[in-house]
Amino acid sequence: MKLLRFSTGGAARYGLLEGAEVVALPAETMAEAMACTDANGPRYRLSAITLLNPLPDSRLFCIGLNYPKPHPLGGEVKGPANISYFLKHQAALVGPGQALRLPGVSEQFDYECELAVVIGRGGHRIAEADAMEHVGGYTILNDGSVRDWQAHSVTAGKNFFESGSIGPWVVTSDEVSDWQELTLRTRLNGKTVQDSKAGAMFFGIPALIAYLSTITPLQPGDVIATGSPEGTGATQKPPRFLRSGDALEFEVDAVGVLRNSVG
């Protein structure tokens, strides 16, 4: 199933995508939508609605340094000894089709396509062997990064207002047979700049869930962005940072395409 959040007539609601139509669901959160069995609500044409951030109330756990690649701040990313994560604020994200906001104080604005895991069943100290049972679905997260401010601190560089994006919807876990075989791609103005299998991660999804749930109980609706592969703007030769008018497409097999422009 593809579960989304949308706006029509000024009201935001959750829905189920069925072909070219969206069925409204009696849900107030994505966690409720994932558990919903009542799909008999009003129907809307997909072309007549506005897609929104599907997970506006979720906690956002973002994993760093999780693919082999040149480091955007210099050097090479090699297999780290431990998982590295940071928190992202919801205010740093826009939804599908919305414009990313230029930082204003920096010209080093970058993109990062990531497979994002949506927790369906919460838990504390989850074992790796049981971790996939807690996955409710998947979405795409663009971890917008302001590289020179990232050198101040990871939190600073990753949380500029409306610098990243998420969506376009959540695909339930039953639609993904093997997450390692999913391909992540980013296209900048039609040119492919990122192209990698999710299986190239240093730490896979079960390890990430086990690690984070050791620190804090995970809750339904929590999002784990699993890191971004090689090809970000800072590692291009010469570097290619985002500019006003750029068009971005973030694609993950079985999930869909998240499209954003740069304002």
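So which residues in region 109-151 are among the aromatic types (Phe, Trp, Tyr) and farther than 16 Å from Thr172 by Cα?
Phe109, Tyr111, Trp149
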Within region 1-54, can you find the residues that are farther than 24 Å from Gly122 by Cβ and among the aromatic types (Phe, Trp, Tyr)? Phe6, Tyr44
Every residue from region 133-177 that is farther than 15 Å from Cys62 by Cβ, under 18 Å from the mean Cα position of the chain (by Cα) and either open to solvent by 50 Å² or more (accessible area, probe 1.4 Å) or of a type in the set (Val, Ile, Thr) (or both): Val135, Phe161, Val170, Val171, Thr172, Glu175, Val176
Are any residues in region 209-223 part of a loop (DSSP other than H, G, I, E, B) and in contact with an Asp or Glu (Cβ under 9 Å, 6 or more places away or on another chain), and if so, which ones? Pro220, Gly221
Checking Arg240 against (1) under 17 Å from the mean Cα position of the chain (by Cα); (2) closer than 21 Å to Tyr111 by Cβ, only one condition comes out false. Which one? (1)
I'm checking my understanding of the structure. Among residues of region 224-263 that are in a loop (DSSP other than H, G, I, E, B), among the hydrophobic types (A, V, I, L, M, F, W, C) and over 18 Å from Lys158 (Cβ atoms), which one is most open to solvent (accessible area, probe 1.4 Å)? Ala254
Is it the case that region 148-167 has a residue that's under 28 Å from Met1 (Cα atoms) and in contact with a Ser or Thr (Cβ under 7 Å, 6 or more places away or on another chain)? yes
When every residue in region 178-208 that is aliphatic (A, V, I, L, M) and assigned to a helix (DSSP H, G or I) is compared, the one most open to solvent (accessible area, probe 1.4 Å) is Ala200
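The values are calculated or read from the model by the stated rules, or taken from the named source; none is laboratory data. Keep in mind that what you see is a predicted model, and the values were worked out from it rather than measured. Virtual Cβ from ideal backbone geometry, glycine too; neighbours counted across all protein chains shown. To get the accessible areas, we keep the full protein, side chains included, count just its heavy atoms, and leave off ligands, DNA and RNA. Shrake-Rupley method; radii C 1.70, N 1.55, O 1.52, S 1.80 Å.
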